[in-house]
Amino acid sequence: MTAPDTRAAPRMIAISSGKGGVGKSTVTANIAVAMAQAGLAVGIVDADIYGPSIPGMLGIAGDKPAMTPEGKVIPAEAHGVKVISMAMLSDDDKPAILRGPMVTKYLQMFVRQVDWGALDVLLLDLPPGTGDIQLTLAQAFPLAGAVVVSTPQDVSLKIARRGLRMMEQVNVPILGIVENMSGFTCPSCGTLTHIFHEGGGEAIAQELAVPFLGKVPLDPAVVDCGDDGIPLVTAAPGSPAAMAYAQIAATLARAGGDMGGIATPFAWTLADGTGKPAPALAPPTPDGPTDRLRALDDDAAGLALCWADGYEQHLSPRDLRLACACAQCREEMTGAQLLIPDRVPLDIRITRIWSVGNYALGMAFSDGHDTGIYTFKSLRTMRSTELEDV
């Protein structure tokens, strides 16, 4: 019998941007190598399925990856960083023509079916935007946080704000904003020119009350290093841009720790108790987050929820079933209820509960329904069973 894998899961950090062309993948590659140089075990999931670029930036050849005897993919490795990418599974000039379900399948495989070994940090290089890939990763995996990369120009910052808000809506902590291409220093005279304006990233970080991780100046060597497959932090560690990458990496290495919530991911079968999530290590505090579940249980009064701020609820299975907001139970445009309450048994039970990223629970019921997602925000606003009985 194979012994169970008891290794701690790596902290998963998403590197995102609202729009393309801001240098997000370059930032990801250099941060990863800087973390590896500092002694961390680091991996990168190149989640930009349609436009993968990480292997080229790290000088990884296009050879197809090998498999372990257990059927897991062996990631490529360069500069001390392990990598999986769509570029390693297809020919260099072959486009990835995939519909949403197949993209989701590949993303799940890149995280779960790769033999990462013991990692400290797994960076997810997301494609630009706020679409299906971003939502899939936020729902499927307990992200420790997200980093938003932008240039200082106004249009980039406005779009970056949308990406930041999207991450906040799915309870992914914002670890900070990186202002890339922040000014160009002339190599001949040393004059600093702010090509894309100045200070926009720091200003938006202050406006939205999130950390500002730093400015990365423009450096012509970044292009050459990317084309040569040698990251700037390795090729020119003393350059201003490389030192900025190293500082950002050091900050992120300390960020994204315990968020005070139940242990995720989990899939709990209530009948036999298998997969029940462990409660948070930190005790509840009055100033704890109101959108973070500290403990989850099931008793005679219903589903028991304890939040990080100490608030407790008991929600009955029938109330939860009636509150389902999936497309089968609610009209998508108007929100009108399609589910007929009289058809929901009084003795309906919850059979399974599973985590949906950091922001929701999925539930299956004894009537066979299992497509509802209950956000922490919606659960928090439901009236407790005990209040209904008073």
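The values are calculated or read from the model by the stated rules, or taken from the named source; none is laboratory data. Remember, predicted model here, so these are calculated numbers, not experimental data. Note that we place each Cβ from the backbone using ideal geometry, even for glycine, and neighbour counts take in every protein chain shown.
Looking only at the stretch 26-44, count every residue that is in contact with a Phe, Trp or Tyr (Cβ under 8 Å, 6 or more places away or on another chain) and not in a helix (DSSP H, G or I) and tell me the total.
Residues meeting the conditions: 1.
Based on what the data block shows, is LEU98 at pLDDT below 75, assigned by TED's automatic domain parsing to the domain that holds LEU40 and of a type in the set (A, V, I, L, M)?
Considered against the rule, which asks whether it is at pLDDT below 75, assigned by TED's automatic domain parsing to the domain that holds LEU40 and of a type in the set (A, V, I, L, M), LEU98 comes out as yes.
Quick check on my filter: what residues within the stretch 57-85 are out of contact with any Leu (no Cβ under 7 Å at 6 or more places or on another chain), surrounded by 20 or more Cβ atoms within 10 Å (Cβ to Cβ) and not charged (D, E, K, R)?
Matches in the stretch 57-85: MET57, LEU58, ILE60, PRO75, ALA76, ILE84, SER85.
Can you pull out the residues in the stretch 298-318 that are of a type outside the set (Phe, Trp, Tyr) and either surrounded by fewer than 18 Cβ atoms within 10 Å (Cβ to Cβ) or outside the structural domain of ALA280 (by TED's automatic domain parsing) (or both)?
Passing the criteria: ASP298, ASP299, ALA300, ALA301, ALA304, ASP309, GLY310, GLU312.
Given the criterion under 30 Å from the mean Cα position of the chain (by Cα), among the hydroxyl-bearing types (Ser, Thr, Tyr) and over 22 Å from ALA278 (Cα atoms), identify the matching residue among THR351, THR381, THR375, THR385.
It is THR381.
Give me the residue from the stretch 222-233 that is at pLDDT below 85 and out of contact with any Gly (no Cβ under 9 Å at 6 or more places or on another chain) and, out of that set, nearest to GLN153 (Cα to Cα).
VAL223
Could you list, in sequence order, all residues of the stretch 160-185 that are in contact with a Ser or Thr (Cβ under 8 Å, 6 or more places away or on another chain), within 17 Å of GLY20 (Cα to Cα) and assigned to a helix (DSSP H, G or I)?
Correct list: ALA160, ARG162, GLY163, MET166.
Tally time: how many residues in the stretch 204-238 are over 23 Å from SER53 (Cα atoms), in contact with a Leu (Cβ under 9 Å, 6 or more places away or on another chain) and of a type outside the set (A, V, I, L, M, F, W, C)?
1
In the list GLY183, GLY176, GLY200, which residue meets the criterion of being surrounded by fewer than 22 Cβ atoms within 10 Å (Cβ to Cβ), assigned by TED's automatic domain parsing to the domain that holds THR26 and either modelled with pLDDT under 75 or among the charged types (D, E, K, R) (or both)?
Going through GLY183, GLY176, GLY200 in turn, just one is surrounded by fewer than 22 Cβ atoms within 10 Å (Cβ to Cβ), assigned by TED's automatic domain parsing to the domain that holds THR26 and either modelled with pLDDT under 75 or among the charged types (D, E, K, R) (or both): GLY183.
Let's see how each residue does on (1) out of contact with any His (no Cβ under 6 Å at 6 or more places or on another chain); (2) crowded, with 19+ Cβ neighbours inside 10 Å; (3) in contact (Cβ under 8 Å) with a residue 24 or more places away in the chain; (4) not aliphatic (A, V, I, L, M):
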site	(1), (2), (3), (4)
ASP287	yes, no, no, yes
THR290	yes, no, yes, yes
LEU339	yes, no, no, no
THR351	yes, no, yes, yes
GLY357	yes, yes, yes, yes
